[in-house]
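Only one structure is covered here, and it is reproduced in the block below.
The values are calculated or read from the model by the stated rules, or taken from the named source; none is laboratory data. Here the structure is a predicted model, which is why all the values come from computation and not from measurement. In this analysis, Cβ positions are derived from the backbone assuming ideal geometry, glycine residues included, and neighbour counts consider all displayed protein chains. To get the accessible areas, we keep the full protein, side chains included, count just its heavy atoms, and leave off ligands, DNA and RNA. Shrake-Rupley method; radii C 1.70, N 1.55, O 1.52, S 1.80 Å.
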Amino acid sequence: MDSRTINNATILLVDDRSENILVMEELLAKEGRKFLKANDGDEALRLALRNEIDLIILDVQMPGMDGFEVAGVLKSRRQTKDIPIIFASAVKKDSEFVIKGLEEGAIDYLYKPLDPAITRAKVDILLTLHLQKKELIEKNARLEKSDLLINNSADIIGIIDTEKLGFEEVNRAFTKILGYEPEEVYGTSLAKIIHPEDLKFVEQQRQRYDDRLSFETRSYTKSNNQLWLQWNIVNKGDKWFFNARDITTVKEAERIRNLLAIIVKQSRDATYIHNRHGDILSWNEGAQQMYGYTETEALTMKIWHLIPHDLQQEAQKLTQYVLEGERLESHETKRITKHRNILDVLVSSALINDSNGEQSVAVTERDVTKEKQAGEQIRQLTIRLQNNIIQLEAANQELESFSYSVSHDLRAPLRAVSGYANILEESYAKNLDEEARTVFGTIQRNVKRMGQLIDDLLDFSRLGRNEVPKLPVNMMQLVEKIITEINQSTSYKATVNIHTLFPAHGDQALLRQVWINLISNAIKYSSKSNEPWIEIGSIQEEDETIFYVKDNGVGFDMRYADKLFGVFQRLHGIREFEGTGIGLAIVKRIISKHGGRVWAEAEVNKGATFYFSLPNKVPAAKNW
């Protein structure tokens, strides 16, 4: 042990007199050396337990617990029993006390006043011996661990003389894997265990002088059974330090997997191979996912673990059927998982004859539990749907009858009001002043508005019952014709600009109603602008075509946009702009029936843009 390590040692000084401790510290002080100090036995024990101490210099005569008692406690503790102790005493110098100190585990006994040279020499020697002992103990511990690691390794570990390719050292795994005791192979050549063809390859590797080598060989056990070893070698001078792993199972698994690949490659289905006795030989990820057993678990099992007890006899007959050369195709049966869940499966099996004449069975099993459950659910839902359809048809018939009845009942009093108002106006026209004529005009306008409202409600009601045909519609021609008709029937000052309108599929009559409602609204709500304008266009995207009508009218607050397309929902008063509050609801109903969307963007007094989309692919017609 070098002096630097001695200098770095930790010494515990124990004396009830601090001046004695100070003298001792000055006497033994070296750069890097650490001192811990205690004035009584209890404090000394606490420091010894909490710190790594290399030497203790202990005063014998102390109040309370004396030095002998402290030493006895230290030697009784596993943590402190190996710390060397030197007793120091100015009083108890007789041989009986020296003997007692040595019996308590002390290494030496110093007399006060201390001789500086002797004290330093003894301390340095004891520290050197203690630290050397610690180093030896640590090295032995490491050697024991290495020996345990080497001899408890599942792999063969050893040393080979490269000149003769002879074994010099091997661990216990050599016996477990190859059957030879180490003494049987020491000095013998690799030829004792390696296949002749592979031995030639090994001899070639020896000539390469690479620092590291890795290869596989066929090898033979003492009982002449063949197995595969994977060698990893570090080349040091004329020695090979090697690790050899038994990869026979891996090689066999590779062979089985190659056979399995003939039948099925990557599959979500459970795919495995078993021999004629039912032992599972291979197990894919699909089987692991389906049954819950890992490959390691499955390779220790028989197939009967997967088969419910009441189907065991059937499974044995089917296995024999396949072993006789027949194929089993999509046989429906049940299997049981690791967690005892019962699965409905379709089983297909085929016979495999390998090059060694061994027979095995390749099995593919598909879990159809969810499909069977889904089928039953679909059957139940179909029954419920049929019942709902019957009820809906009855409700629709009742609703249609009710709609026409309500329409008739509402129109009768309206006709009466309108008729009597006309009679009064015609009969007493000469006697009516201006205010009376205004009242009669108001009556007639409201009667007309109420009639229009009834017509709109009936139209809205019919939209929910009629099927929508999906036919090609030339949107450009349709809009141009609507603008022409509006020009002939309505006086307005807005400038209408029509951009490209892509063709669509749908019911032309219903789409015409959509355009009329949106364009009429744009004209109406932009009528109070100084220079009203309207833009009409379309945007074609991958899945849908978006059409829009934009104006610079009064717009609306986007906080209320969700109310726009509801029945009787208006964001402007009737006195400000005419309307029944149903037009946009009709637009939404028509576009929804076409499988499209409707939305709007606006800003108060800065105009609004109304959008609707139609799918580019023609969906199946819906009937609500």
Return a yes/no flag: does the range 208-221 have any residue that is surrounded by fewer than 17 Cβ atoms within 10 Å (Cβ to Cβ), of a type outside the set (Ser, Thr, Tyr) and touching a residue at least 40 places away in the same chain (Cβ under 8 Å). no
Do we have Thr545 as of a type in the set (Ser, Thr, Tyr), in contact with a strand residue (DSSP E or B) (Cβ under 8 Å, 6 or more places away or on another chain), at pLDDT 90 or above and in a loop (DSSP other than H, G, I, E, B) here? no
Could you go through the range 320-329 and let me know if any residue there is in contact with a strand residue (DSSP E or B) (Cβ under 9 Å, 6 or more places away or on another chain), surrounded by fewer than 16 Cβ atoms within 10 Å (Cβ to Cβ) and of a type in the set (Phe, Trp, Tyr). yes
Which condition breaks for Asp40 when tested against (1) more than 27 Å from Ala117 (Cβ to Cβ); (2) open to solvent by less than 30 Å² (accessible area, probe 1.4 Å)? (2)
Where in the range 1-88 are there helices (runs of 4 or more DSSP H), lying fully within it, with 2 or more residues that are more than 28 Å from Glu138 (Cα to Cα)? 18-28, 41-50, 67-76
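Residues are listed down the side, and each one gets a yes or a no for (1) within 30 Å of Ile193 (Cα to Cα); (2) more than 30 Å from the chain's Cα centre (by Cα); (3) among the β-branched types (Val, Ile, Thr); (4) in a loop (DSSP other than H, G, I, E, B):
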{"residue": "Arg245", "(1), (2), (3), (4)": "yes, yes, no, no"}
{"residue": "Ile256", "(1), (2), (3), (4)": "yes, yes, yes, no"}
{"residue": "Thr271", "(1), (2), (3), (4)": "no, no, yes, no"}
{"residue": "Thr319", "(1), (2), (3), (4)": "no, yes, yes, no"}
{"residue": "Val322", "(1), (2), (3), (4)": "no, yes, yes, no"}
Test Asp59 against the criterion of being farther than 24 Å from Ala117 by Cβ and open to solvent by 10 Å² or more (accessible area, probe 1.4 Å), and give yes or no. no
Just the residues that are surrounded by 15 or more Cβ atoms within 10 Å (Cβ to Cβ) and outside any helix (DSSP H, G or I), please, taken from the range 170-207. Val170, Asn171, Arg172, Gly179, Tyr180, Ser189, Ile193, Ile194, His195
Top-ranked residue of the range 507-528 - restricted to ones that are in contact (Cβ under 8 Å) with a residue 40 or more places away in the chain and not in a helix (DSSP H, G or I), ranked as nearest to Phe610 (Cα to Cα): Ser526
Given (1) modelled with pLDDT of 90 or more; (2) loosely packed, with under 13 Cβ neighbours inside 10 Å, identify the lone condition not met by Asp279. (2)
Go through the range 302-344 and give me each residue that's free of Cβ contacts under 8 Å to residues at least 60 places away in the same chain and of a type in the set (A, V, I, L, M). Leu306, Ile307, Leu311, Ala315, Leu318, Val322, Leu323, Leu328, Ile336, Ile342, Leu343
Answer yes or no as to whether Thr175 is under 55 Å from the mean Cα position of the chain (by Cα) and hydroxyl-bearing (Ser, Thr, Tyr). yes
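For the range 563-596, what are the residues that are at pLDDT 80 or above and touching a Leu at 6+ places or on another chain (Cβ under 8 Å)? Before you say what the answer is, go through the steps one by one.
Within the range 563-596, the first condition is being at pLDDT 80 or above, and the residues that meet it are 584-596.
If the condition is that a residue be at pLDDT 80 or above and touching a Leu at 6+ places or on another chain (Cβ under 8 Å), then Leu584, Ile586, Val587, Arg589, Ile590, Ile591, Lys593, His594, Gly595, Gly596 are the ones that fit.
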Residue in the range 385-395 that is open to solvent by less than 80 Å² (accessible area, probe 1.4 Å), modelled with pLDDT under 75 and either part of a helix (DSSP H, G or I) or on the phi > 0 side of the Ramachandran plot (or both) present: yes
Being out of contact with any helix residue (DSSP H, G or I) (no Cβ under 8 Å at 6 or more places or on another chain) and either assigned to a loop (DSSP other than H, G, I, E, B) or buried (at least 16 other Cβ atoms within 10 Å of the Cβ) (or both) is the filter here; which residues of the range 149-168 pass it? Ile150, Asn152, Glu163, Lys164
Is the range 224-235 home to any residue that is touching a residue at least 60 places away in the same chain (Cβ under 8 Å), assigned to a helix (DSSP H, G or I) and either open to solvent by 20 Å² or more (accessible area, probe 1.4 Å) or farther than 27 Å from Leu178 by Cβ (or both)? no
Go through the range 338-369 and count every residue that is within 32 Å of the chain's Cα centre (by Cα) and either in a strand (DSSP E or B) or within 15 Å of Gly278 (Cβ to Cβ) (or both). 11
So, in the range 456-509, of the ones that are within 24 Å of Ser538 (Cβ to Cβ), acidic (Asp, Glu) and modelled with pLDDT under 90, which residue ends up surrounded by the fewest Cβ atoms within 10 Å (Cβ to Cβ)? Glu485
Gly67 passes all but one of (1) in contact with a helix residue (DSSP H, G or I) (Cβ under 7 Å, 6 or more places away or on another chain); (2) open to solvent by less than 40 Å² (accessible area, probe 1.4 Å); (3) of a type in the set (Gly, Ala, Ser); which number fails? (1)
Just give me the residues in the range 285-304 being surrounded by fewer than 16 Cβ atoms within 10 Å (Cβ to Cβ) and not β-branched (Val, Ile, Thr), in sequence order. Glu285, Gln289, Gly292, Glu295, Glu297, Lys302, Trp304
Any idea which of (1) over 30 Å from Ser214 (Cα atoms); (2) of a type outside the set (Phe, Trp, Tyr); (3) surrounded by 14 or more Cβ atoms within 10 Å (Cβ to Cβ) is the one Thr248 doesn't satisfy? (1)
